[in-house]
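These notes concern the structure reproduced below.
The values are calculated or read from the model by the stated rules, or taken from the named source; none is laboratory data. Quick caveat, the model's predicted, so the values are computed rather than measured. Neighbour counts are summed over all protein chains in view; Cβ atoms, including those assigned to glycine, are modelled from backbone coordinates with ideal geometry. Ligands, DNA and RNA are stripped out before the accessible areas are found, and what is left, the full protein with its side chains, is counted by its heavy atoms. Shrake-Rupley method; radii C 1.70, N 1.55, O 1.52, S 1.80 Å.
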Amino acid sequence: MAEFDFVIVGAGSAGAAVADRLSEDGKYSVCVLEAGGSDLNFWIWVPVGYGKAFYNKHINWMYYTQPDPGLNNREGYWPRGKVLGGSSSINAMVYIRGQHADFDDWKAMGNTGWGWDDVLPYFKRSETNDTGADAFRGGDGPLHVSSMTKHTHPLCQNFFKASEQAGFKFNPDFNGADQEGVGHYQITAKDGFRMSTARAYLARAKKRSNVTILTKAHTKRILLENGRATGVVYEKAGREQTVSARREVILSAGAVNSPQILMLSGVGDGAELQSKGITSLVHSPAVGKNMQDHLGLDHLYRSKVPTLNQQLYPWWGKLAQGIRYVLTRGGPLALSLNQAGGFVKSNPDCKRPNMQLYFSPVSYTKAPKGERPLMNPDPFPGFLFGMQPTRPTSRGHLELKSTDPFEPLAIHPNSLSTDHDCKEMIEGCKLLHKIAASPAFQEVIDSQIAPGPEVQSDEDMLEDVRNRCSTVFHPVSTCRMGTDKTENVVDQRLRVYGVDGLRVVDASIFPTVTSGNTNAPAIMVGEKGADLILEDTRNA
């Protein structure tokens, strides 16, 4: 049996950061178990390639939810990274930390050490921002964050003007002093290539003699002996194997897989585990519960002026942009298609921004099933303009279907199950209409494609939402951090209640979902989690 100081399950957004930080001083041996394979894949490294990764079973878990009553019993599609770098290797690369108040909320819930002032140093430590370091931004971290300002489509300027005409200010940096306003998104990229955590953290960690990274190693369960995690059982190349942890096992498998592994190991709601034929070793009823996610909706418009459609639809356009990318590492292939957006208040009673906006100068009205054709947009000029409420109150849950570790969980999002969430979705639709009606947008809008002109009333808007909205791929909180072990899974130091030597360090520990894309705060959790582990190890 191989033995290491630390065994980390999952080499994703948080796990890669944990592996790097735990191993960098050379004192401790680290083994990383990743169910997926290598990230050396053209469609991972080229930013626009995330359209290809979206339905690629070799690098993507490709989960589906149970029929969701709030979405008129539609099944949702949940892509999750199954590769070194995890979802940071297949996402749209938008770098958003969240609002300062999000983390102060975490602290107010009893999670000492997780307020904005506590987490800011970890955001800064992780980052090299191409605009340089300042009071809010890092300048020498492993994760490179790039501005798209010089390369975005001219239609972004119409979006900014339209938003200002609708009463919303311009903000040059959503991750700085204040999140409110509209502006350009920044992305995790460097020199025209995606900056996943595999590239940022694992590339340097794997050069160390004290680090072992095992790919295509599917974790089946954690070994628990006398109330302590002592190792991990995994399967690789059809053989069941075991790795031992002298100090700790760290679960960084994400908001879906971390609770699944806990439950398969006998940590979860005792009655539910026993009903599946699993011996309950630690009764932890919150495992897999409290799930939160962002739901988004796009409005599609036909444009009077050229959009990225004209650059990417014809074969000669694809060829030209491909050559441009190869020669310069620039152009639309080097960007996220979410080029601009913002964080605004949908009504004057909001104390802080409650709505995230997305603007993409490209459109897709007939995406084939099982494809996300980012390189094959509509033949006519068009663009997407979308929104997502930032702090939903609906809560879903995950549950085992069986004891088979290779069978996906049953995902119950429970979307739009509160009046608050339904109300905000309607407000979001009205907000899109308001901005679209501004002179700067009316200059370029030829017609609205979706929803159609018949959608006018609140009831019609909500029905359109239920029929068309989807996850924005930000599930969190399924191993929630908090002070009450009956309602949460880990304490403020990310230790699993009821088990020694076991922590969860990933987005599943978020007490509440942050206001915006969740990849940056997941990486922050990895950075801070590693510090907590090292502190406790030194003090043991």
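Key figures for this structure:
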quantity	calculated
Close pairs from region 347-358: first in a loop (DSSP other than H, G, I, E, B), partner at pLDDT 95 or above and acidic (Asp, Glu), Cβ under 7 Å, at least 6 apart	Asn347/Glu427; Pro353/Glu180; Asn354/Glu424
Checklist (1) over 28 Å from Arg466 (Cα atoms); (2) crowded, with 22+ Cβ neighbours inside 10 Å applied to Leu295, failing item	(1)
Residue under evaluation Phe136, criteria (1) in contact with a strand residue (DSSP E or B) (Cβ under 8 Å, 6 or more places away or on another chain); (2) under 17 Å from Met524 (Cβ atoms); (3) open to solvent by 50 Å² or more (accessible area, probe 1.4 Å), criterion not met	(1)
Scan of region 174-192 for residues that are surrounded by fewer than 16 Cβ atoms within 10 Å (Cβ to Cβ) and either on the phi > 0 side of the Ramachandran plot or of a type in the set (A, V, I, L, M, F, W, C) (or both), ordered by number	Ala177, Asp191
Test: Thr514 is closer than 13 Å to Val476 by Cβ and either in a helix (DSSP H, G or I) or in contact (Cβ under 8 Å) with a residue 24 or more places away in the chain (or both)	yes
Some residue of region 137-155 being farther than 30 Å from His433 by Cα, assigned to a helix (DSSP H, G or I), touching a residue at least 12 places away in the same chain (Cβ under 8 Å) and not aliphatic (A, V, I, L, M)	no
Among (1) over 26 Å from Lys351 (Cα atoms); (2) open to solvent by 20 Å² or more (accessible area, probe 1.4 Å); (3) in contact with a Ser or Thr (Cβ under 8 Å, 6 or more places away or on another chain) - the single one Gln442 does not satisfy	(3)
Residue ID - least open to solvent (accessible area, probe 1.4 Å), chosen from residues in region 466-487 that are among the β-branched types (Val, Ile, Thr) and part of a loop (DSSP other than H, G, I, E, B)	Thr478
Any hit, region 195-213, residues being over 22 Å from Arg21 (Cα atoms), surrounded by 20 or more Cβ atoms within 10 Å (Cβ to Cβ) and among the aliphatic types (A, V, I, L, M)	no
Among residues of region 58-75, those that are in contact (Cβ under 8 Å) with a residue 12 or more places away in the chain, assigned to a loop (DSSP other than H, G, I, E, B), at negative phi and open to solvent by 20 Å² or more (accessible area, probe 1.4 Å), counted	3
Residue in region 33-48 that is farther than 29 Å from Arg329 by Cα and assigned to a loop (DSSP other than H, G, I, E, B) present	yes
Residue within region 94-113 that is touching a Ser or Thr at 6+ places or on another chain (Cβ under 6 Å), under 18 Å from Ile523 (Cβ atoms) and of a type in the set (Asp, Glu) present	yes
Count - residues of region 278-292 that are open to solvent by 30 Å² or more (accessible area, probe 1.4 Å) and either without any contact (Cβ under 8 Å) to a residue 24 or more places away in the chain or not in a loop (DSSP other than H, G, I, E, B) (or both)	3
First in region 488-511 and open to solvent by 10 Å² or more (accessible area, probe 1.4 Å) and in a strand (DSSP E or B), second anywhere and among the charged types (D, E, K, R) and at pLDDT 95 or above, Cβ under 8 Å, 6 or more apart	Arg495/Arg503; Asp500/Arg228
Output for region 76-92, where each listed residue is part of a strand (DSSP E or B) and touching a Pro at 6+ places or on another chain (Cβ under 9 Å)	Trp78
Residue list for region 399-422, filter: closer than 16 Å to Asn257 by Cβ, of a type in the set (D, E, K, R) and open to solvent by less than 70 Å² (accessible area, probe 1.4 Å)	Glu399, Asp404, Glu407
Residue count for region 1-44, restricted to those that are within 14 Å of Ser88 (Cα to Cα), among the hydrophobic types (A, V, I, L, M, F, W, C) and surrounded by 20 or more Cβ atoms within 10 Å (Cβ to Cβ)	5
Lone qualifier among Gly98, Gly132, Gly110 - being assigned to a loop (DSSP other than H, G, I, E, B) and either in contact with a Pro (Cβ under 6 Å, 6 or more places away or on another chain) or among the hydrophobic types (A, V, I, L, M, F, W, C) (or both)	Gly98
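Rundown of residues vs (1) under 26 Å from the mean Cα position of the chain (by Cα); (2) open to solvent by less than 30 Å² (accessible area, probe 1.4 Å); (3) within 30 Å of Val465 (Cβ to Cβ), yes/no style:
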| site | (1), (2), (3) |
| --- | --- |
| His299 | yes, yes, yes |
| Gln311 | no, no, no |
| Trp316 | no, no, no |
| Leu333 | yes, yes, no |
